[in-house]
Amino acid sequence: MNLHDKAPEIAALRLGMDWSEADLNRPHILLESTFGDSHPGSAGLDTLVDAAARGVQYAGGKPSRFTATDICDGIAQGHEGMNYSLLSRELIAAIAEIHARVNLPDAMIFLSSCDKALPGHLIALARLNLPSLVIPGGVMLEGPDRMTLEQIGKYHSYCKRGMISEAEFFDWKKRSCPSCGACQFMGTACTMQVMTEALGLALPFSALAPFVLREIRWNAEAAGEAAVALSRRGLLPKDILTPDAFYNAAIVHAAISGSTNALLHLPVIAKEAGIDFGEADFDRIGRDIPFIGNVRPAGAFAGEYFWYAGGVPALLLRLREHLRLDVMTVTGKTLGENLESAERQIRENRLYLKRFGLDAEEIIRPFDRPVRANGAIACLSGNLAPGGAVTKPAAIAPEMWKHRGPARVFEDELSARDAVISGRIQPGDVVVIRYVGPMGSGMPEMFYTTEAIAADERLAATVALVTDGRFSGATRGPAIGHVQPEAAAGGPIALIREGDLVEIDIPNRRLEVPGVDLESRRADLKPWECHASGILGIYQKTVQLWH
């Protein structure tokens with residue numbers, strides 16, 4: 001690109017930094033990261049940015065570093081900050097878009113780890129359609145006594161109920177996050193790292209690399225070199241983000257029992273790439289794929305073990321007969337060609353398992369010995385959710401796949417959580433939390449309520465939760481979210497009343513309030529009013545434009 005013809009000040013201003021005259025004619029690679037002292041998933045990304053910058057320079061390019069720090073859903077839990085979580089995805093995408101449109105790079109590298117950062121970067125990558133790739137920020141190590149962060153909600157409930165002391169609870173906190181990287185379970189962060197590699201937008205073996213290992217920095221350096229090659233070749237994201245690539249991602253999502261939040265993110269990324277791919281496609285494509293990636297919370301192992309077992313390439317080899325192997329990837333090769341050369345690195349990764357006395361097939365299971373035989377995602381519909389709702393059967397005991405119980409209705413999550421902890425929710429109840437969709441309050445997670453239910457033995461296998469909000473990827477049990485239309489948009493979930501019977505039928509994909517004409521109550525429904533101010537208020541009033 002001849003920047004001199006676009007704005008004569010560009011060269012002058014760049015020479016005022018660390019650019020030389022020769023740099024002006026090198027491929028300019030913009031490194032867009034979410035580095036910041038905000039949480040473990042972002043605090044260490046500067047080391048990966050530096051490694052990627054070295055790779056760019058080794059390949060003859062000129063790197064420049066840009067940052068829009070993300071937030072952490074864990075830090076946002078339990079207060080109004082969670083209302084800003086989904087909104088942050090749009091702002092991260094917008095800032096990356098602004099950086100690229102103003103600075104006119106030849107290619108981009110996106111570096112991020114976590115729940116809204118990776119989806120925001122992927123949205124921007126598809127929207128910009130510049131030669132680009134992603135460096136996932138890896139995963140933190142498992143803590144002492146096999147502790148992983150998603151268990152904190154359980155111990156918090158124990159503490160609230162007086163089952164453990166404050167001091168004992170703090171001991172569990174100290175064990176839960178021993179390093180930088182994404183949280184150790186197959187929540188949204190780890191799921192989106194896997195999705196990024198499954199889509200062909202990250203180098204093989206990138207997803208869930210333990211942050212403390214040198215391999216993650218080697219990968220970042222290699223990605224820097226690959227970005228320069230992409231700029232010279234002109235391989236664009238829309239050459240990679242094809243319908244077949246999203247098909248493969250849905251297969252992989254089923255096999256890892258991925259977070260339901262991926263169903264919020266991948267359809268938006270697909271839309272930016274000009275592809276129609278929605279929640280129902282996940283259900284249809286993944287219905288017969290067994291859950292074989294034995295990672296918490298639905299499985300047994302922390303995320304680092306998945307990488308030790310061979311990571312995404314090992315899983316793809318297990319799924320090979322179900323995949324579209326001729327899709328292009330950022331290596332400049334097809335997925336099938338990448339897999340042909342993956343065996344050596346898989347063997348190297350698996351040497352780490354010798355420390356633990358584990359066999360790789362315990363973590364990435366064979367098809368004839370899955371963790372669960374059913375698909376990971378089910379999309380339900382009915383008079384309570386005519387626009388659909390999402391649940392995760394792989395995280396639900398089969399005896400709760402069909403359930404009928406009285407509605408216990410709440411207008412916010414904290415009220416529902418307090419009702420669970422105080423004993424006001426009884427076995428068989430269906431907790432309904434509404435007005436927490438994107439228009440209602442920004443679509444926060446219902447994590448603490450689901451953890452409070454799961455931590456009570458009387459409730460864990462007998463109580464369901466239905467909401468127009470969403471769930472953490474750490475959620476366990478019969479949780480049904482993304483109910484559409486949401487209550488704030490006048491959806492039927494706004495019309496349900498305390499004590500109405502709610503019927504859940506996962507095998508038949510139904511979510512009903514049987515025997516009730518919900519529409520007959522609409523005359524009594526008051527229109528929703530948004531009371532939020534600032535950027536959250538703008539988001540809630542215009543959310544359909546964002547999505």
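The values are calculated or read from the model by the stated rules, or taken from the named source; none is laboratory data. Keep in mind the model is a prediction, meaning the values are calculated, not measured. For neighbour counting, all protein chains shown are included, and Cβ atoms are generated from backbone atoms with ideal geometry for every residue, glycine included. Please note that ligands, DNA and RNA were not included when accessible areas were found on the heavy atoms of the full protein model with its side chains. Shrake-Rupley method; radii C 1.70, N 1.55, O 1.52, S 1.80 Å.
What the table below lists for this structure:
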quantity: Qualifying residue in the stretch 152-173 (condition: more than 15 Å from residue 64 (Cα to Cα), among the polar types (S, T, N, Q), assigned to a loop (DSSP other than H, G, I, E, B) and under 22 Å from the mean Cα position of the chain (by Cα)); calculated: no
quantity: Residue 130 being touching a strand residue (DSSP E or B) at 6+ places or on another chain (Cβ under 6 Å) and either in a strand (DSSP E or B) or in contact (Cβ under 8 Å) with a residue 40 or more places away in the chain (or both); calculated: yes
quantity: Flag for residue 118 being among the aliphatic types (A, V, I, L, M), within 14 Å of residue 41 (Cα to Cα), outside any strand (DSSP E or B) and open to solvent by less than 10 Å² (accessible area, probe 1.4 Å); calculated: yes
quantity: Residues that are touching a residue at least 24 places away in the same chain (Cβ under 8 Å) and either of a type in the set (Lys, Arg) or touching a strand residue (DSSP E or B) at 6+ places or on another chain (Cβ under 6 Å) (or both), drawn from the stretch 308-326; calculated: 309, 314, 315, 318, 324, 326
quantity: Residue 78, sole failed condition from (1) in contact (Cβ under 8 Å) with a residue 40 or more places away in the chain; (2) open to solvent by 10 Å² or more (accessible area, probe 1.4 Å); (3) assigned to a helix (DSSP H, G or I); (4) over 21 Å from residue 263 (Cα atoms); calculated: (3)
quantity: Wholly enclosed helices (runs of 4 or more DSSP H) of the stretch 443-547 bearing at least 3 residues closer than 23 Å to residue 391 by Cα; calculated: 447-454, 457-460
quantity: Subset of the stretch 474-500 (residues that are open to solvent by 10 Å² or more (accessible area, probe 1.4 Å) and touching a Gly at 6+ places or on another chain (Cβ under 7 Å)); calculated: 484, 485, 488
quantity: Some residue of the stretch 369-376 being touching a Pro at 6+ places or on another chain (Cβ under 7 Å), open to solvent by 50 Å² or more (accessible area, probe 1.4 Å) and either part of a helix (DSSP H, G or I) or of a type outside the set (Asp, Glu) (or both); calculated: yes
quantity: Residue match in the stretch 332-353 (condition: buried (at least 16 other Cβ atoms within 10 Å of the Cβ) and free of Cβ contacts under 8 Å to residues at least 12 places away in the same chain); calculated: yes
quantity: Some residue of the stretch 245-255 being crowded, with 18+ Cβ neighbours inside 10 Å, in a loop (DSSP other than H, G, I, E, B) and not basic (Lys, Arg); calculated: no
